[in-house]
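> Before we start, here is the structure in question, set down as structure tokens.
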Amino acid sequence: MNQEQYRSLRQQVLQEMESYDDSSEETIRRVISQVVATEEEHYGFSYDDWQEYEINLFNSLKKYDVIEELMEDPEVTEVMINGPFRIFYEKKGQLHVFQKTFDSRERLQEIIEQIVGEHNRRVNTKCPIVDSRLPDGSRVHIVLEPVAIEGPVVTIRKFPPEVMGLSFLVEHKSMTEEAADFLRKQIRNRQTILVTGGTGSGKTTLLNALAEGIPKQERVITIEDSAELQFHEVENLVRLECRDAVENGAGAITIRDLIKAALRMRPDKLVVGEVRGPEALDLLQALNTGHQGSMSSLHANSCKDALLRMETLVLMAMDLPMKAVRAQIASGIQYIVHVKKYGDGKRGVDQIVEITGMKDEEITWCPVFQRIDGELRKAGEKVDVKEARSKR
């Protein structure tokens with residue numbers, strides 16, 4: 001596809017659209033077809049080019065421009081836009097460079113405004129960082145100048161088209177059937193579960209999957225910065241989402257605000273999409289006052305690191321004795337499930353540990369499942385190394 005000719009066609013389409021009162025998809029497609037057909041008569045180009053022009057012109061006017069094909073590819077899990085002329089994507093766990101680029105910084109800015117406008121968010125030089133989402137639930141993080149030095153940065157974590165329950169994760173070898181049954185049992189028994197892992201390790205995917213085990217009669221309230229969780233099987237579901245401050249700095253609604261509001265809604269379970277600040281204290285207090293069986297996620301490199309980070313986050317809210325902080329963690333959280341992204345791009349459960357209490361003012365825990373030589377096994381189970389390697 002000739003880029004110069006493409007830009008010329010796009011300009012012609014925009015000029016033609018000025019004479020129409022509506023900008024429906026049907027009208028846009030009709031105008032594009034007319035303009036491309038007229039241009040083909042003058043210059044001539046192949047059928048493949050003709051098709052590509054029509055698709056790309058429509059995407060640029062009605063969808064997400066050059067990244068639309070990445071958004072439509074079910075195997076692409078993440079799209080990373082580092083300014084208008086550098087685009088990367090993750091497919092099957094591997095990072096690739098995308099050969100197409102936006103025409104200009106202005107065009108990328110138009111796409112950004114389209115994305116944030118769909119959910120009444122705003123982003124500008126005064127407020128250059130924003131979290132939003134696409135209509136399908138995909139997570140979007142945007143950073144503008146002056147924070148982003150080389151142009152707007154957009155990171156899109158795509159929402160999977162199918163619901164990934166625990167059974168799905170078992171089929172795709174992210175965990176074993178034994179581990180999945182164990183987690184279902186703990187959810188039924190109202191045990192609190194904290195999902196931990198690094199960036200892009202699959203924490204939100206696992207939280208969604210754990211909803212498979214929630215009894216249908218329970219009232220569940222989800223609380224997120226940007227709504228991603230999709231608990232389709234839960235009938236009595238309330239979804240809450242944070243709100244940014246308006247231009248004068250007022251009107252912000254935080255995770256802490258939403259947890260306090262949720263406690264007045266008679267929840268059986270609270271599900272906090274991610275704990276990353278002083279809301280850790282509010283969540284622990286809720287867990288220790290009759291809301292056992294709740295769930296949340298936390299960035300951490302291991303189960304042990306998750307406990308240390310939870311302590312730090314609680315202290316961000318209030319200066320409490322460490323013994324008291326650890327006692328609340330030990331009594332409020334029963335299990336930690338750690339997920340990990342491996343070198344081959346695959347994601348899976350790496351370890352499940354049980355919090356067993358306190359000893360000498362330290363939180364005690366023991367592994368229930370752990371991954372050994374690539375296999376998730378019950379703790380204490382003897383491992384035949386040759387057998388494990390043969391299955392890989």
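The values are calculated or read from the model by the stated rules, or taken from the named source; none is laboratory data. The model shown is predicted, which means the values in this text are computed figures rather than measured ones. We place every Cβ from the backbone using ideal geometry, glycine too, and count neighbours over all the protein chains shown. SASA here: full protein model, heavy atoms, side chains in, ligands and nucleic acids out. Shrake-Rupley method; radii C 1.70, N 1.55, O 1.52, S 1.80 Å.
> Note down all Cβ pairs under 7 Å where the first residue falls in the stretch 226-249 and is within 12 Å of Glu212 (Cα to Cα), the second is at pLDDT below 85 and among the β-branched types (Val, Ile, Thr), and they're at least six residues apart or on different chains.
Correct list of pairs: Gln230/Val163; His232/Val163.
> Restricting attention to the stretch 353-362, does a residue exist that is of a type in the set (A, V, I, L, M, F, W, C) and either open to solvent by 50 Å² or more (accessible area, probe 1.4 Å) or at pLDDT below 95 (or both)? Let's see the steps before the verdict.
Within the stretch 353-362, the first condition is being of a type in the set (A, V, I, L, M, F, W, C), and the residues that meet it are 353, 355, 358.
Next, only the ones that are either open to solvent by 50 Å² or more (accessible area, probe 1.4 Å) or at pLDDT below 95 (or both) stay: 358.
For the stretch 353-362, residues of a type in the set (A, V, I, L, M, F, W, C) and either open to solvent by 50 Å² or more (accessible area, probe 1.4 Å) or at pLDDT below 95 (or both): present.
> Is at least one residue of the stretch 341-349 modelled with pLDDT under 95, part of a helix (DSSP H, G or I), surrounded by 18 or more Cβ atoms within 10 Å (Cβ to Cβ) and touching a His at 6+ places or on another chain (Cβ under 9 Å)?
no
> I'd like the residue in the stretch 123-144 that is over 22 Å from Val76 (Cβ atoms) and surrounded by 15 or more Cβ atoms within 10 Å (Cβ to Cβ) and, out of all such residues, is modelled with the highest pLDDT. Lay out the reasoning, then the answer.
Step one: of the stretch 123-144, the residues over 22 Å from Val76 (Cβ atoms) are 123-130, 144.
Then drop every residue that is not surrounded by 15 or more Cβ atoms within 10 Å (Cβ to Cβ), which leaves 123, 127-128, 130, 144.
Values: Val123: 82, Cys127: 83, Pro128: 90, Val130: 88, Leu144: 93.
The selected residue is Leu144.
> Scan the stretch 199-221 and give yes if some residue there is under 22 Å from Glu118 (Cα atoms), in contact (Cβ under 8 Å) with a residue 12 or more places away in the chain and surrounded by 21 or more Cβ atoms within 10 Å (Cβ to Cβ), otherwise no.
no
> What tally of residues in the stretch 89-110 results from selecting those that are of a type in the set (Phe, Trp, Tyr) and either touching a residue at least 60 places away in the same chain (Cβ under 8 Å) or touching a Leu at 6+ places or on another chain (Cβ under 6 Å) (or both)?
Going through the stretch 89-110 one residue at a time, the tally reaches 2.
> Starting from the stretch 289-305, keep only residues that are within 16 Å of Asp225 (Cβ to Cβ) and part of a strand (DSSP E or B), then list their pairs with residues that are open to solvent by 10 Å² or more (accessible area, probe 1.4 Å) and of a type in the set (Phe, Trp, Tyr) whose Cβ atoms are within a distance under 7 Å, requiring at least 6 positions of separation or different chains.
Qualifying pairs under 7 Å: none.
> Would you pick out the residues in the stretch 372-392 that are modelled with pLDDT of 90 or more and within 27 Å of the chain's Cα centre (by Cα)? Give the derivation first.
Taking the stretch 372-392 and keeping what is modelled with pLDDT of 90 or more, we get 376-378.
Selection gives Leu376 alone.
> If you don't mind, there's one more thing I want to ask. Which numbered condition trips up Glu40, out of (1) among the acidic types (Asp, Glu); (2) part of a helix (DSSP H, G or I); (3) modelled with pLDDT under 70; (4) within 38 Å of the chain's Cα centre (by Cα)?
The one condition Glu40 does not meet is (4).
> A further question on this structure: Picking from Glu118, Glu171, Glu110, Glu178, which residue would you name as being open to solvent by 50 Å² or more (accessible area, probe 1.4 Å) and at pLDDT 95 or above? Let's see the steps before the verdict.
Values: Glu118 fails: at pLDDT 95 or above; Glu171 fails: at pLDDT 95 or above; Glu110 fails: at pLDDT 95 or above.
Just a single option satisfies the conditions, and that option is Glu178.
> Sticking with this structure for a sec: Just to be sure before I move on: is Gln230 outside any helix (DSSP H, G or I) and open to solvent by 30 Å² or more (accessible area, probe 1.4 Å) in the structure I sent?
So Gln230 fits the description; yes.
> For the stretch 205-233, name all the residues that are among the small types (Gly, Ala, Ser) and in contact with a Ser or Thr (Cβ under 8 Å, 6 or more places away or on another chain).
Ser226
> May I pose another question? Does the stretch 267-294 hold any residues that are in contact with a strand residue (DSSP E or B) (Cβ under 6 Å, 6 or more places away or on another chain), open to solvent by less than 10 Å² (accessible area, probe 1.4 Å) and farther than 14 Å from Ile221 by Cβ, and which are they?
Within the stretch 267-294, Val275 is the sole residue that qualifies.
> What's the total number of residues in the stretch 147-167 that are out of contact with any Lys or Arg (no Cβ under 9 Å at 6 or more places or on another chain), at pLDDT 90 or above and open to solvent by less than 60 Å² (accessible area, probe 1.4 Å)?
Result for the stretch 147-167: 4.
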